[in-house]
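Before any comments, here is the structure.
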Amino acid sequence: MTTEQASHLNVTDVEQIAGQAERASPGVVDQVGLFYARHSALIKTLGGAALPVMLA
């Protein structure tokens, strides 16, 4: 996913991506949440593409 594509994601898109990721790898959403909690400044710096890239 490109940064341009990620910038157009809405809440429903993110929920669907997270659901697919969780089905493929149970616990991954929790792991991403922990990573975000520990590195929120990095995620904010990376911008809107960060979550989909991490889930990919």
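Derivation of every value follows stated rules applied to the coordinates shown; laboratory data play no part. As the structure is a computational prediction, the values presented were derived from the model and not from experiment.
Please state the shape class of segment 1-48: rounded when a/c is under 1.5, otherwise prolate if a/b exceeds b/c and oblate if not, all from the C-alpha gyration tensor. Verdict is oblate for segment 1-48. Couplings 3J(HN,Hα) for segment 33-40, derived from phi with the Karplus relation 6.51 cos²θ - 1.76 cosθ + 1.60 (θ = phi - 60°), are x, 5, 4, 4, 4, 7, 10, 4 Hz, where x marks Gly and Pro.
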